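Readers should treat all values here as calculations from the given coordinates under stated rules, not as data from a laboratory. No experiment lies behind these values; they were computed from the predicted model shown. Using ideal geometry, Cβ is built from the backbone for each residue, glycine included, and neighbour counts are taken over all protein chains shown.
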Amino acid sequence: MWLLGVLPFALQAICMIFDEGYFHIRRGLPKWERIGHPIDTCSVLACMAMVLFVPFSTTTLIIYICLATFSCILVTKDEFVHKEHCPASENWLHAVLFTLHPIMLASAGFMWPVVQGAPVTPWVAQWLNNPEALAQFLRTQFGIMVLFLFYQIIFWNFVWKDKPVSTTPSTKS
C-alpha cells in the first residue's frame with residue numbers, strides 16, 4: 001500500500017518532464033518564468049525539507065500545513081499571463097499539475113510521522129506500512145528536486161537564456 005503514497009510524486013514528475021521537455025523547450029521561457037519557476041521549486045523544497053529534517057510535532061505540522069498551502073497558491077501565480085503565452089494543451093497540463101501539487105504535499109505530510117516513528121492512526125500505519133522505503137524515497141525525491149532546481153536556474157538562465165520566446169499561444173498543440 002505504501003506505493004500509493006509515492007504515486008502522486010510519480011505522476012507530478014511525469015507531467016513536469018512533459019511540461020519542461022515539450023512545452024517550455026518549444027516556446028522558450030520569458031524572464032518572469034525563468035525566475036518564477038525556481039521560486040516555485042524552492043517552495044516545494046521547503047516543505048520537503050521539513051518532512052526530512054524537522055522533528056514531527058503538532059506545532060511543526062501546523063507550520064508544514066502553512067508552507068504547503070503557500071506553495072499551492074504560489075505555483076498558480078503565473079496563470080494570469082500563461083493564457084497569453086501558452087497553448088490550451090499546456091494550460092490543461094498546468095491544471096493537472098495544480099491538482100497533483102496539494103495531493104503530493106499531503107502525501108509527504110502523511111509520510112512524515114511514519115518515517116520518524118511518531119505515533120500515527122492505524123489507517124495511516126496500514127496505508128504507509130514501510131517506513132524505511134518511504135524515508136529512502138523522500139531522501140531521493142528531495143535530491144531530485146534539488147537537482148531540478150539547479151537545472152531550472154542554470155539551463156533557463158544561462159544555457160538557453162537567449163532562446164527566442166513565443167509570445168502567442170500556438171494553435172498546434
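Observations on the model:
- Straight-distance candidates among the aspartates and glutamates for linking to LYS77, with alpha-carbon spacing under 19 Å and chain neighbours fewer than 8 residues away dropped: ASP19, GLU20, GLU33, ASP40, GLU90.
- Using a simple spin-label model with pseudo-atoms 7 Å out from Cα toward Cβ, GLN136 and THR60 lie 2.3 nm apart.
- Calculated from the alpha-carbon coordinates, the stretch 59-133 shows an Rg and a Dmax of 16.4, 48 Å respectively.
- Most mobile of VAL114, VAL159, VAL96 in a GNM of the chain (Cα contacts under 10 Å): VAL159
- Couplings for the stretch 137-154, taken from phi via the Karplus curve 6.51 cos²θ - 1.76 cosθ + 1.60 with θ = phi - 60°, read 4, 5, 5, 5, 4, 4, x, 5, 5, 5, 4, 5, 4, 4, 4, 4, 5, 6 Hz in order; Gly and Pro are left as x.
- Using θ = phi - 60° and Karplus 6.51 cos²θ - 1.76 cosθ + 1.60, couplings along the stretch 155-166 (whole Hz; Gly, Pro as x): 5, 7, 9, 10, 6, 10, 4, 9, 5, x, 10, 6
- Cα gyration tensor, the stretch 112-155 - rounded (a/c under 1.5), prolate or oblate: prolate
- The chain: calculated mean residue ellipticity at 222 nm from DSSP helix runs of at least 4, using -39500 (n - 2.57): -24000 deg cm²/dmol
- With N as its number of residues, the chain has a Cα radius of gyration that, divided by 2.2 N^0.38 Å, comes to 1.11.
- Evaluating 6.51 cos²θ - 1.76 cosθ + 1.60 at θ = phi - 60° for every residue in the stretch 55-65, the Karplus couplings come out as x, 6, 7, 4, 5, 5, 5, 4, 4, 4, 4 Hz, glycine and proline recorded as x.
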